[in-house]
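Here's the structure, in structure tokens; my notes come after.
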Amino acid sequence: MADAPQHRLGELMEQSNPPFEEVMSCVFGIETHETRAYLVLCEQPGSTIEELAATLERDRSTVNRSLSTLRDRGLVRRDRRLLDGGGDIYQYTALALPDAKELLHEALDAWTATVHDVIDDFDAQ
């Protein structure tokens, strides 16, 4: 597993009504194009890198890196499918949106608890 996500929650605090995609990017510490890849996979489960690259209009290596990050965050799973003519191919499926929303809530709750602890533990010098 890769390093823990670097939350960018401060960016959210600067906006009064951030769009869902921005919330997802900031909370999970992912880039906007990675959030877009996740949302496309929600609509097109079982997509291959080639299919996603075409839909997202990005090169395969960029899509591959995005999928790797999303897998590290637990937002995407990869399944290997054997081809009839031999060989195999990987297909990617997004974590169901309600489950991703639950992860968002958990991450925000953990961050809020940490901030409350910092406030409670502060002693004026």
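The values are calculated or read from the model by the stated rules, or taken from the named source; none is laboratory data. No experiment lies behind these values; they were computed from the predicted model shown. So basically every Cβ, Gly included, is an ideal-geometry build from the backbone, and we count neighbours across all protein chains shown. The protein model used for the area step is the full one, side chains on, heavy atoms only, and it has no ligands, DNA or RNA in it. Shrake-Rupley method; radii C 1.70, N 1.55, O 1.52, S 1.80 Å.
Compute the separation of the alpha-carbon centres of region 46-60 and region 102-116 and state it in Å as a whole number.
32
In µm²/s, what is D for region 79-125 at 37 °C and 0.692 mPa s, where D = kT/(6 pi eta Rh) by Stokes-Einstein and Rh is the Kirkwood radius from Cα pairs?
Calculated translational D: 224 µm²/s.
Can you work out the accessible area per residue across region 61-125, with the rest of the protein chains kept in place, probe 1.4 Å, in square angstrom?
On a per-residue basis, 70 Å².
Which net charge results when you count Lys and Arg as +1 and Asp and Glu as -1 among the other residues whose beta-carbon is under 9 Å from that of residue 32?
Charge balance near residue 32 sits at -3.
Pop the C-beta distance of residue 109 and residue 68 into the FRET formula with R0 = 25 Å and round what comes out to the nearest 0.05.
In this case the efficiency is close to 0.40.
Across region 86-96, in residue order, what do the Karplus-derived ³J(HN,Hα) couplings come to in whole Hz, using 6.51 cos²θ - 1.76 cosθ + 1.60 with θ = phi - 60° and x for Gly and Pro?
Working through the residues one at a time gives x, x, 8, 8, 9, 10, 10, 9, 7, 4, 3 Hz.
When the accessible area of the chain is computed with all protein chains present and a 1.4 Å probe, what percentage of it is carbon and sulfur?
Solvent-exposed carbon and sulfur of the chain make up 49 percent of the total.
Mean separation of Cα pairs under 8 Å and 6+ residues apart, divided by the residue count of region 16-125: what relative contact order is that in percent?
25
Could you pull out every residue, at least 5 positions away or on a different chain, whose amide H is within less than 5 Å of the one on residue 76? Hs are placed 1.01 Å off N in the peptide plane, and Pro or chain starts have none.
The answer is 71, 95.
Cα-based Rg (one decimal) and Dmax (whole number) for region 41-125, in Å?
Final numbers for Rg and Dmax: 19.1, 73 Å.
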